[in-house]
Amino acid sequence: MTTTRPGTERDLLRSAGLRATEQRVAVLRALESNPHADAQGVFDVVRSELPDTSLQAVYGVLSALTDAGLARRIEPAGSPARYELRVGDNHHHIVCSRCGAIGDVDCAVGAAPCLTPAETSGFTLTTAEVTYWGLCPDCATAPLG
């Protein structure tokens, strides 16, 4: 599982073979403080630190971080892609069907890929993605309407 600690973002980027640019460091910080953020949410946080940053630049950084294995992209149905720094443990997600809040759920059974399909069609399994849907505690107790 990858997480960052203050002062280690540059080392983390370099260890993944990436240049430690200000934008990449700022995006890592934004993801650390806002897990499951979409690109717009990351951009909003980064822009407060680096006002000249563009949304397109944030998309580029998110892509680079995902390709390098430093971030994970998840795509809950009906939601824009979300990004997180928790990688390498094949955890799953739970999504509130009312407000869209997202939480982490540890692997359903054992180690990756957590689930064993009846047939693999010759594929070698590495991960399984499960999305649980329900109501978060706030939505479950809120009156309808």
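Numbers at a glance
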item: Complete set of residues in the stretch 25-38 that are in contact (Cβ under 8 Å) with a residue 40 or more places away in the chain and part of a helix (DSSP H, G or I); result: Leu28, Leu31, Glu32
item: Some residue of the stretch 109-120 being hydroxyl-bearing (Ser, Thr, Tyr) and either at pLDDT below 90 or assigned to a strand (DSSP E or B) (or both); result: yes
item: The one condition in (1) in contact (Cβ under 8 Å) with a residue 40 or more places away in the chain; (2) loosely packed, with under 14 Cβ neighbours inside 10 Å; (3) within 30 Å of Leu144 (Cβ to Cβ) that Gly88 fails to fulfil; result: (3)
item: Residue among Gly60, Gly41, Gly69, Gly100 that alone is part of a loop (DSSP other than H, G, I, E, B) and outside the structural domain of Tyr132 (by TED's automatic domain parsing); result: Gly69
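Per-residue answers, yes or no, for (1) out of contact with any helix residue (DSSP H, G or I) (no Cβ under 6 Å at 6 or more places or on another chain); (2) surrounded by fewer than 15 Cβ atoms within 10 Å (Cβ to Cβ); (3) of a type in the set (D, E, K, R):
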{"residue": "Gln23", "(1), (2), (3)": "no, no, no"}
{"residue": "Glu49", "(1), (2), (3)": "no, yes, yes"}
{"residue": "Thr66", "(1), (2), (3)": "yes, no, no"}
{"residue": "Ala77", "(1), (2), (3)": "yes, yes, no"}
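The values are calculated or read from the model by the stated rules, or taken from the named source; none is laboratory data. What you are looking at is a predicted structure, and each value in this text was computed from that prediction instead of being measured. Neighbour counts are summed over all protein chains in view; Cβ atoms, including those assigned to glycine, are modelled from backbone coordinates with ideal geometry.
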